[in-house]
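Visitor: Below: one structure in structure tokens.
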Amino acid sequence: MASLFSSAYQKPLSLTSLRTPLYLFSFLPRPHRTLSAPAASFSSVTSLNDNDDISDFGDGHWTTVSRNGSKLLLKGMTYAELEKWVQSYGYRPGQAMMLWKRLYGNNIWAHHSDELEGLNKDFKKMLSENAEFRALSLKEIHAASDGTRKILFTLDDGLVIETVVIPCNRGRNTVCVSSQVGCAMNCQFCYTGRMGLTRHLTAAEIVEQAVFAQRLLTNEVGSITNVVFMGMGEPLHNIDNVIKAADIMVHEQGLHFSPRKVTVSTSGLVPQLRRFLNESNCALAVSLNATTDEVRNWIMPINRKYKLDLLLQTLREELCFKHNYKVLFEYVMLAGVNDSDEDAERLIDLVKGIPCKINLISFNPHGGSLFRPTKEERIIEFRNKLAEAGCTVFLRLSRGDDQMAACGQLGKPGTFQAPLLRVPQQFQMALGSST
């Protein structure tokens, strides 16, 4: 997610100033596609770099529910859409509800028509001829020493995404879902950001991750209780499909996750954040990670467009209209970069007036990163300073890092990678950088 960006790069930039066509930054609004459109894709890997114009972020206007243009992908539809589709074939709305429960409830999580026990034979035949049940194919599962599972899925176009299941002995089992293949935000501490963005995931591809997790691991680790949109990608860059997927996940007759236990994370796309808070009842997490614009411009280049003041003021304004709602601030601790006493004091001031919780996250190393994790004793000191000021603050322990399944470790950059941005001079010693 974040990116190393020097304060020297403050001039207005344009699309024509890009140094390489491999990172074309083309998020201009696109027209809505039809239900039979193929999965949304980009012609090349895209990523924020030092020379990008970030004037426009699309909303993910890809609402695909079909994989091949002839069969409808069931998990890409809300219940209202499914009911209407079922009725178009002459069947009663009750049949749609029975199908919905077999897709998402009753411990069935059907993957093909043979698993639709109790449904009318003609209805099942219609489904087998006109509907697709699966949006993903299981590739492999990696088990970490702490019980975390990293699941690799192959998409219909051959691309691969990663999903993580994090079991907990307190009965809380979390699935961390991806929303994009790669990510365009180019946050330098995030391994996924090294990939650039290949394409958005459809609503079906997002929902299927949670369904697969239930189907594969419920007997082993227990029911999945929480969903976090913290895998590969910037969820609010794909906001249409993310909101739709979250709506499907919380439907009371289906997967029935509590809206407060479905958390969507963002690096700070302010217009999309505002829309999310107005359209969804699910929880919001904001990846903050810095207490000054100078540092956040460097480690999270989205901040060049949406500064800290704008981001935080938007939250203050919007949360006035949300009852009993707290935003979760995520703060990745980077040694020598954002972990000083002064950072703690600034963070306390920044979040004043915002109903919130703060998660302090240890940086999880990965190949090619110059960052180092803050030492545990320093994290505790930082936590205590926040707590003494009245902040609600938690430490998030690393899970699954021995299988590259921890926060910021997902994905597999290819030959062409998003650019590492220049390290500001005052941080070069902390990072051991000579650039």
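The values are calculated or read from the model by the stated rules, or taken from the named source; none is laboratory data. From a predicted model like this one, the values you see are computed outputs, not experimental measurements. Cβ: placed from backbone, ideal geometry, glycine included. Neighbour counts: every protein chain shown. Just so you know, the surface numbers come from the protein's heavy atoms only, side chains and all, with ligands and any DNA or RNA stripped out. Shrake-Rupley method; radii C 1.70, N 1.55, O 1.52, S 1.80 Å.
Visitor: Residues with amide H under 5 Å of THR202's amide H, sequence separation 5 or more or different chain, H placed in the peptide plane at 1.01 Å from N; which?
Guide: Result for THR202 returns nothing.
Visitor: With each label point set 7 Å from Cα along the Cα-Cβ vector, what nm distance links SER340 and ALA80?
Guide: Going from the SER340 label point to the ALA80 one covers 5.2 nm.
Visitor: Can you list residues whose amide H is under 5 Å from VAL286's amide H, if they're 5+ apart or on another chain and H is modeled 1.01 Å from N?
Guide: THR266, LEU328, PHE329, GLU330
Visitor: Past 29 Å, Cα to Cα: identify those pairs from LYS352/LYS412; LYS101/LYS326; LYS150/LYS375, in the order given.
Guide: The answer is LYS352/LYS412; LYS101/LYS326.
Visitor: Something else about it: Using the Karplus equation 6.51 cos²θ - 1.76 cosθ + 1.60 (θ = phi - 60°), what ³J(HN,Hα) coupling, rounded to whole Hz, does each residue of the stretch 209-219 give in order, writing x for Gly and Pro?
Guide: Karplus values, whole Hz, x for Gly and Pro: 4, 5, 5, 4, 4, 4, 5, 7, 10, 4, 5.
Visitor: Given a Förster radius of 60 Å and the C-beta distance between GLU376 and GLU317 as r, what FRET efficiency does 1/(1 + (r/R0)^6) yield to the nearest 0.05?
Guide: 0.95
Visitor: Give the Cα extents of the stretch 175-249 along the principal axes, in whole Å, largest first.
Guide: Cα extents, longest axis first: 37, 25, 16 Å.
Visitor: Also, I was wondering about something else. Give the distance, in whole Å, between the Cα centre of the stretch 178-214 and the Cα centre of the stretch 117-152.
Guide: Taking the Cα centre of each part, the stretch 178-214 and the stretch 117-152 sit 19 Å apart.
Visitor: Order ARG199, ARG134, most accessible first, counting only protein heavy atoms with a 1.4 angstrom probe.
Guide: The ranking, largest first, comes out as ARG134, ARG199.
Visitor: Residue separation times 0.36 nm, minus the C-alpha to C-alpha distance between ASP402 and ASP146: what's the value?
Guide: Result: 91.3 nm gained on full extension.
Visitor: Can you grab the distance from the C-alpha centre of the stretch 360-435 to the C-alpha centre of the stretch 236-270, Å, no decimals?
Guide: 26
Visitor: Sticking with the crude label model, points 7 Å out along Cα→Cβ, report the distance from SER137 to LYS125 in nm, one decimal please.
Guide: That separation, rounded to one decimal, is 2.9 nm.
Visitor: To continue, here is another question. Where does each of GLU330, GLU115, GLU381 land when they are ordered by accessible area, with a 1.4 Å probe and the largest first?
Guide: GLU381, GLU115, GLU330
Visitor: Continuing with the same structure: Could you work out how far apart the two model spin labels at ASN106 and ALA389 are, taking each label as a point 7 Å from the Cα in the direction of the beta carbon, and quote it in nm?
Guide: 5.3
Visitor: Which residue, chosen from LEU277, THR266, LEU288, occupies the Cα position most advanced towards the positive end of the dipole of the stretch 253-306, where the dipole is computed from +1 (Lys, Arg) and -1 (Asp, Glu) charges on Cβ about the Cα centre?
Guide: LEU277
Visitor: Report the residues of the stretch 271-286 in range of a label on LEU310: point 7 Å along Cα→C-beta, backbone N strictly under 19 Å from it.
Guide: 271-278, 286, by backbone N distance to the label point.
Visitor: Pop out the ³J(HN,Hα) list for the stretch 117-122 in order, Karplus 6.51 cos²θ - 1.76 cosθ + 1.60 with θ = phi - 60°, rounded to Hz; leave Gly and Pro as x.
Guide: Once θ is set to phi - 60°, the couplings for the stretch 117-122 become 4, x, 8, 3, 4, 5 Hz.
Visitor: On to the next question. Considering only protein heavy atoms and a probe of 1.4 Å, how much of the accessible area of the stretch 88-246 is carbon and sulfur, as a whole percent?
Guide: 44
Visitor: When a/c is below 1.5 the answer is rounded, else prolate if a/b is larger than b/c, else oblate, so apply that to the stretch 67-109 with a ≥ b ≥ c taken from the square roots of the Cα gyration tensor eigenvalues.
Guide: Since a/c reaches 1.5 but b/c is at least a/b, the shape of the stretch 67-109 is classed as oblate.
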